[in-house]
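Bear in mind that the values in this text are calculations on the coordinates, not laboratory data. All figures in this text were calculated on a predicted structure; none of them were measured in a lab. Here the Cβ positions follow ideal geometry from the backbone for every residue, glycine too, while neighbour counts run over all protein chains shown.
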Amino acid sequence: MDTLSTAPSVRVLLVEDSKVLTEQLTEAIDQIADVHLIGTAETEAAAVALVSHEPVDVIILDLHLRQGTGFGVMRALTATQLKPLIVVLTNYDLPEYKSAAFALGATHFLDKARDSGRLAEVLQEICETRPSKH
């Protein structure tokens, strides 16, 4: 068994309503060192409930969900002390959505069609730049 580095792994929640994409992203996330996928959610309510019960460092967030929206998740988080990093991953790469997402605290805004391959890179960057939690 490998010994882990002193920095704890980055805890990631994936909020996505496409089962196929959830499976693909789960496989990709599982390949990244120092990243631990703590769960997935398909709806706004499920995402907010998970974040309020589990420590989460990063949320990979789709904007259009089966029930609710990624914007609703971000609005719910602004009313709490919880401050996970938000990586928006959406099919709707519209300037007004991007502006709204950043205004609500998103740190990254990725287009599924164009940028999904960058997700691993973004997560690695987060791992490398986040302060140690001792």
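In the stretch 95-134, what trypsin sites (Lys or Arg not before Pro) fall in a loop by DSSP, with at most 10 other Cβ atoms inside 10 Å?
Loop-located and lightly packed - Lys133.
Provide the per-residue ³J(HN,Hα) series for the stretch 60-67, in order, calculated from phi with Karplus coefficients 6.51, -1.76, 1.60 and θ = phi - 60°, each as a whole number of Hz, with x at glycine and proline positions.
8, 10, 7, 8, 9, 10, 4, 9
For Leu37, list long-range residues whose amide hydrogen, built 1.01 Å from N in the peptide plane, is under 5 Å from its own amide hydrogen.
Close amide H contacts, sequence-distant or interchain: Val12.
For Glu23 and His53, what does the FRET efficiency come to when R0 = 25 Å and r is the distance between their Cβ atoms, rounded to the nearest 0.05? Intermediate results must be reported in sequence, preceding the final value.
On the way: r = 24 Å, r/R0 = 0.95.
Result of the calculation: an efficiency of 0.60.
In whole Hz and in residue order, list the ³J(HN,Hα) couplings for the stretch 24-30 that follow from phi through the Karplus curve 6.51 cos²θ - 1.76 cosθ + 1.60, θ = phi - 60°; x for Gly and Pro.
5, 5, 4, 4, 5, 5, 4
In what order do Tyr92, Tyr97 fall by count of nearby beta-carbon atoms within 10 Å, going from fewest to most? Provide the component values of the computation, followed by the final result.
On the way: Tyr92 14, Tyr97 18.
Taking fewest neighbouring Cβ atoms as first place, the list is Tyr92, Tyr97.
Amide H of Leu110: which non-local residues (sequence gap of 5 or more, or other chain) have their own amide H closer than 5 Å, using H built in the peptide plane?
Val88, Leu89, Thr90
Of all beta bridges DSSP finds with both residues in the chain, what is the antiparallel percent, to the nearest 5?
Taking every DSSP beta bridge within the chain, about 5 percent pair in antiparallel fashion.
So, in Å, what gap is there between the alpha-carbon centers of the stretch 79-134 and the stretch 5-49?
Measuring centre to centre over Cα atoms gives 13 Å.
If neighbour count is taken as other Cβ atoms inside 10 Å, put Thr40, Thr26 in order from fewest to most.
Going from least to most buried by this count: Thr26, Thr40.
Under 19 Å Cα-Cα from Lys83, which aspartates and glutamates qualify once same-chain neighbours fewer than 8 residues away are excluded?
Glu44, Glu54, Asp57, Asp62, Glu125, Glu128
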